[in-house]
Amino acid sequence: MPQIIMTANVVIPNGPKFAFNPKLMVEAYDLIEIAVAAGASDLEVELPGSTDGIRFLAIQSDWFGQDLKYKLDAGGSDYPLDQPLLLVGEGAVSFFIASGATAGPTSLFFSNDDASKEAKVQILIGRDATPTPP
């Protein structure tokens, strides 16, 4: 069974420090690597499998900013990919899924308003391949 190991430190100088080192067991994972061309609009990226059972979602890019955007469904709102997106656990992922189409997003749509550079985007999904029905 695959294990996703995360390590993050959040530090505010002369302030609080948080160390995160969770380990998450999943039955399967999917890695999607795409190039979002300069000037691209609504590039559809199909998410494999069902949104049921997703326990981990990460979206990483080789650059971030207001010009790189994603949305959860074709007619939905754009969200800037201005930092890496990391959702860990059923509770966090449920916010993402509830924001999409009725049954959760089956695709993500990426746009790149920067006409001068391509974005290399990676999407990592960890899931239970045999989720328990509600």
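The values are calculated or read from the model by the stated rules, or taken from the named source; none is laboratory data. Everything quoted here is computed from the prediction, not taken from an experiment. Please note: Cβ atoms are built from the backbone with ideal geometry, for glycine as well, and neighbour counts cover all protein chains shown.
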Going through L31, L108, L87, L57 one at a time, which residue ends up being in contact (Cβ under 8 Å) with a residue 12 or more places away in the chain, surrounded by fewer than 17 Cβ atoms within 10 Å (Cβ to Cβ) and either assigned to a strand (DSSP E or B) or touching a His at 6+ places or on another chain (Cβ under 6 Å) (or both)? L31
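Just a yes or no: is a residue in region 35-44 surrounded by 15 or more Cβ atoms within 10 Å (Cβ to Cβ), among the β-branched types (V, I, T), farther than 17 Å from R127 by Cβ and modelled with pLDDT of 90 or more? Break it down into steps so the answer makes sense when it comes.
Step one: of region 35-44, the residues surrounded by 15 or more Cβ atoms within 10 Å (Cβ to Cβ) are 36, 40, 43.
Filter once more, so that each one left must be among the β-branched types (V, I, T): 36.
Okay, now just the ones that are also farther than 17 Å from R127 by Cβ, so 36.
Of the ones still in play, those that are also modelled with pLDDT of 90 or more are 36.
Yes - at least one qualifying residue is present in region 35-44.
Can you name the residue in region 70-84 that is closer than 30 Å to M25 by Cα and part of a loop (DSSP other than H, G, I, E, B) and, of all such residues, is nearest to the chain's Cα centre (by Cα)? Full working, then the answer.
Going through region 70-84, the residues closer than 30 Å to M25 by Cα turn out to be 70-73, 79-84.
Now narrow it down to the ones that are part of a loop (DSSP other than H, G, I, E, B): 72-73, 81-84.
Working: L72: 10, D73: 14, L81: 10, D82: 12, Q83: 11, P84: 8 Å.
Across region 70-84, the extreme among qualifying residues is P84.
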For the list (1) out of contact with any Asp or Glu (no Cβ under 9 Å at 6 or more places or on another chain); (2) under 22 Å from K120 (Cα atoms); (3) surrounded by 11 or more Cβ atoms within 10 Å (Cβ to Cβ); (4) without any contact (Cβ under 8 Å) to a residue 24 or more places away in the chain, I need the number of the one condition that S77 fails. (3)
